[in-house]
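**Q** Attaching a single structure in structure tokens format; questions to follow.
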Amino acid sequence: MSTELKKTELLPLGEMHYGRKREQPSSSQLKQFYREAKVLLQHPILWFEEPTREIIGQSLGRAISCEGLTCYACAVLRNHVHLLIRKHRLKDREIVAMLTLESRNELLRQSWGSPSHPIWSDDILVVYKDTPEKVHETIAYINDNFTKHGIAFQNWSFLKPYDGFPFNKLKAR
């Protein structure tokens, strides 16, 4: 979802495209892209295998619980995470910073990765969902990622069922 290229060395890899392409590249094209990109990157590509995904999920859960956040959906995938978090007194960037820092610190405590590797991208996408229908669609989208990525469904203990917030408050009046 980047809108700018900060590392000009990556220009030979191809034109930048914002968002998802209508036609996705084939598996062989993706593998070729990663092979070519690997030598141009400042840090090695990190892939989250099952034990690492578990560490990330548990650390996200601790941070979510400590801060009193409400999370409706979470998918920890091989190279990124999807979360659906209810509006909170903290600003979105504060929430992202807290979650990425907590998960990064836990990974380093578990001797995974290098302290010099940022682990998470600075290019985080935050999208607001303003109707119950959009919230339900997003929960379904996040949960569909498990099948799409060939990963077992994750039923994190910190997930809460969607209660219609904030529209449930309006109906109660």
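**Q** Please identify the chymotrypsin sites (Phe, Trp or Tyr not before Pro) of the range 85-138 that satisfy two criteria: DSSP loop assignment and at most 10 other Cβ atoms within 10 Å. Which are they? Please list the in-between numbers first.
**A** Values: sites: Trp112, Trp120, Tyr128; in loops: Trp112, Trp120, Tyr128.
Counting only loop positions with at most 10 other Cβ atoms within 10 Å, the chymotrypsin sites (Phe, Trp or Tyr not before Pro) in the range 85-138 are Tyr128.
**Q** Here is a follow-up. Between beta-carbons, use under 12 Å as the cut-off and find the net charge around Leu69, counting Lys and Arg +1, Asp and Glu -1.
**A** Numbers: positive: Arg62, Arg86, Lys87, Arg89, Lys160; negative: Glu67, Asp92, Glu94, Glu102.
Residues close to Leu69 contribute a combined charge of +1.
**Q** Follow-up. Output the pairs from Lys6/Lys31; Lys21/Lys91; Lys6/Lys38; Lys21/Lys129; Lys21/Lys134 with a Cα-Cα distance over 24 Å in this structure; if there are none, say none.
**A** Numbers: Lys6/Lys31 22 Å; Lys21/Lys91 30 Å; Lys6/Lys38 16 Å; Lys21/Lys129 22 Å; Lys21/Lys134 22 Å.
Checking Cα-Cα distances, Lys21/Lys91 exceed 24 Å.
**Q** Same structure again: What is the order of Tyr34, Tyr72, fewest Cβ neighbours within 10 Å to most?
**A** On the way: Tyr34 12, Tyr72 20.
Going from sparsest to densest Cβ surroundings: Tyr34, Tyr72.
**Q** Hey, another quick one. Note the listed values (1) 0.99; (2) 1.06; (3) 1.14, then indicate which one is Cα Rg over 2.2 N^0.38 Å calculated from this particular structure.
**A** Evaluating Cα Rg over 2.2 N^0.38 Å on these atoms matches (3).
**Q** At 20 angstrom or more along the helix axis (alpha-carbon based) and mean Kyte-Doolittle of 1.6 or higher, what helices does the chain contain? Whole DSSP H runs only. Walk me through the numbers before you get to the answer.
**A** Working: long enough: 50-67 (26 Å, -0.34); 92-109 (25 Å, -0.27); 132-148 (24 Å, -0.88).
Membrane-span-like by this criterion, though nothing is claimed about a membrane: none.
**Q** Taking the Cβ of Val39 as the center, what net charge do the other residues with Cβ under 15 Å away carry, scoring Lys and Arg +1 and Asp and Glu -1? If you can, show how the numbers build up before the last one.
**A** Working: positive: Lys7, Lys31, Arg35, Lys38; negative: Glu9, Glu36.
That works out to +2.
**Q** Could you tally the net charge around Phe48, taking each other residue with its Cβ under 13 Å from the Cβ of Phe48, Lys/Arg +1 and Asp/Glu -1? If you can, show how the numbers build up before the last one.
**A** Numbers: positive: Arg53, Arg78, Arg104; negative: Glu49, Glu50, Glu54, Glu106.
Summing Lys and Arg as +1 and Asp and Glu as -1 gives -1.
Any read-out appearing in this document is the output of simple, stated calculations on the displayed coordinates, not a laboratory observation. Please read these numbers as outputs of a predicted model, since none were measured by experiment. Please note: Cβ atoms are built from the backbone with ideal geometry, for glycine as well, and neighbour counts cover all protein chains shown.
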